[in-house]
Amino acid sequence: MNAFGFFIGRIAWQLGITRERARWNSVTRETQQLAETQDMLGRLAWPGTKSINRLSGEYWQLTDLQSQQIRLRDESDHLMQENENAQDRLYQMEDAVEDDVDALRRKKTDFMSSAVTIMDRVEEIRDRDNETRRHFTSLKGKLEVLKKQTEGDFAEELERTRSSLAQLKEQHSADLASIASLEEEVRALEFTVQGVDADIAGLRERHKIQTADLVAEIGRRSKQIAEISARLGSLDSQRNEFSFMIGQYLSNQIDNPDPDVKKVLRNFTPLTRRITQLRRSIQYNQRLARRASR
């Protein structure tokens, strides 16, 4: 609010238009704006306040806080870079292990595929052997019947049947031997697969041991980074307090003839004008609000 607004407000008050709540709301809002503007002035102006005796203490403390922050940020950046490098090494090691594991898994798949192929072959032989035994049983029954015949000459048929039985028996023995041999191959492949699983587990365990120190280093540095972040936050709070104090002081010295003060404020004319306008508006609104409360 400017002088013209104050004049209009007085006329409105005399006419019975008080707007007391609106006036106090304006005071609250503009007081907050004033504090924000003073804070901005302090943040921007403090590096030039070294020669102002009243602010020398705050200046040097802010300088020290800024130096601490720069050092801590450099330390944090260094730790973060180290962590990134360590994380890259960890990823490379993990990729290498996964490549080895994938190769072993492919071997395992090949072994298992071979075992399945062999088992299919075993089933084929068993099916054939089942047919052999069925045929053997049938011919054996035939032989028993022929032996009982009292009429006719079945000598040749008996001999042919005995020969077929002998061949079927040999086939059965051969099939059993083949099945036993193939099942032994399957057991060997299963043992090999178990070995591959053990190799995979061993790779992962060795990787875990090899990367344990690296993971611990990353965790330790992450903790340091978090601690530095907390310290930076604390330093920020201290800097904000000091810069606000400087802003308040400077805003109260706008008309101070001290050349050191005038030199600093000369660089922030828009802010000082804003501060002056806000203070005048606050005063006008307070006067109108007090009149309205009577």
One residue from Glu190, Glu183, Glu217, Glu205 being farther than 30 Å from Ala45 by Cα, more than 45 Å from the chain's Cα centre (by Cα) and assigned to a helix (DSSP H, G or I) | Glu183
Test: Met119 is within 16 Å of Glu184 (Cβ to Cβ), in a helix (DSSP H, G or I) and not β-branched (Val, Ile, Thr) | yes
Determine whether Trp60 is at negative phi and in contact with an Asp or Glu (Cβ under 8 Å, 6 or more places away or on another chain).
-> no
Cross-chain or 6+ apart pairs with Cβ under 7 Å, segment 124-137 first and free of Cβ contacts under 8 Å to residues at least 24 places away in the same chain, then crowded, with 17+ Cβ neighbours inside 10 Å and not in a helix (DSSP H, G or I) = none
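Report whether or not Glu58 is without any contact (Cβ under 8 Å) to a residue 40 or more places away in the chain, surrounded by 12 or more Cβ atoms within 10 Å (Cβ to Cβ) and assigned to a helix (DSSP H, G or I).
Details: without any contact (Cβ under 8 Å) to a residue 40 or more places away in the chain: no; surrounded by 12 or more Cβ atoms within 10 Å (Cβ to Cβ): yes; assigned to a helix (DSSP H, G or I): yes.
No; evaluated as a whole, the condition is false for this residue.
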From the option list Ser293, Ser243, Ser237, Ser251, single residue qualifying as modelled with pLDDT under 90 and out of contact with any strand residue (DSSP E or B) (no Cβ under 8 Å at 6 or more places or on another chain) is Ser293
Residue selected from segment 200-214 under the condition among the β-branched types (Val, Ile, Thr) and surrounded by 14 or more Cβ atoms within 10 Å (Cβ to Cβ), by the criterion nearest to Leu104 (Cα to Cα) = Ile200
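I want to confirm something. Restricting to segment 62-106 and keeping residues that are touching a Lys or Arg at 6+ places or on another chain (Cβ under 9 Å) and hydrophobic (A, V, I, L, M, F, W, C), which single residue is nearest to His207 (Cα to Cα)?
Initial filter on segment 62-106 (touching a Lys or Arg at 6+ places or on another chain (Cβ under 9 Å)): 62-63, 65-66, 68-69, 72, 79-80, 82-83, 86, 97, 101.
Narrowing further to those that are hydrophobic (A, V, I, L, M, F, W, C): 62, 65, 72, 79-80, 86, 97, 101.
Numbers: Leu62: 49, Leu65: 44, Leu72: 34, Leu79: 24, Met80: 24, Ala86: 15, Val97: 7, Val101: 11 Å.
If we take residues in segment 62-106 being touching a Lys or Arg at 6+ places or on another chain (Cβ under 9 Å) and hydrophobic (A, V, I, L, M, F, W, C), then Val97 is nearest to His207 (Cα to Cα).
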Quick one: in segment 104-132, of everything that is loosely packed, with under 12 Cβ neighbours inside 10 Å and either of a type in the set (Phe, Trp, Tyr) or more than 25 Å from Leu176 (Cβ to Cβ) (or both), which residue is farthest from the chain's Cα centre (by Cα)?
-> Ser113
Give the residues of segment 263-286 that are charged (D, E, K, R), over 13 Å from Thr37 (Cβ atoms) and free of Cβ contacts under 8 Å to residues at least 24 places away in the same chain, sorted by residue number.
-> Arg266
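Examine segment 160-178 for a residue that is exposed (fewer than 15 other Cβ atoms within 10 Å of the Cβ) and not in a helix (DSSP H, G or I), and state whether such a residue exists.
Step one: list which residues in segment 160-178 are exposed (fewer than 15 other Cβ atoms within 10 Å of the Cβ), which gives 160, 162-163, 166-167, 169-170, 173-174, 176-177.
Filter once more, so that each one left must be not in a helix (DSSP H, G or I): none.
Among the residues of segment 160-178, not one is exposed (fewer than 15 other Cβ atoms within 10 Å of the Cβ) and not in a helix (DSSP H, G or I), which makes the answer no.
Suppose the filter is assigned to a helix (DSSP H, G or I) and surrounded by fewer than 13 Cβ atoms within 10 Å (Cβ to Cβ); does Val145 pass it?
Details: assigned to a helix (DSSP H, G or I): yes; surrounded by fewer than 13 Cβ atoms within 10 Å (Cβ to Cβ): yes.
The answer is yes for Val145.
The values are calculated or read from the model by the stated rules, or taken from the named source; none is laboratory data. Being a predicted model, the structure only gives us computed values, none of them experimental. No Cβ is skipped: glycine too gets one built from the backbone with ideal geometry, and neighbour counts run over all protein chains shown.
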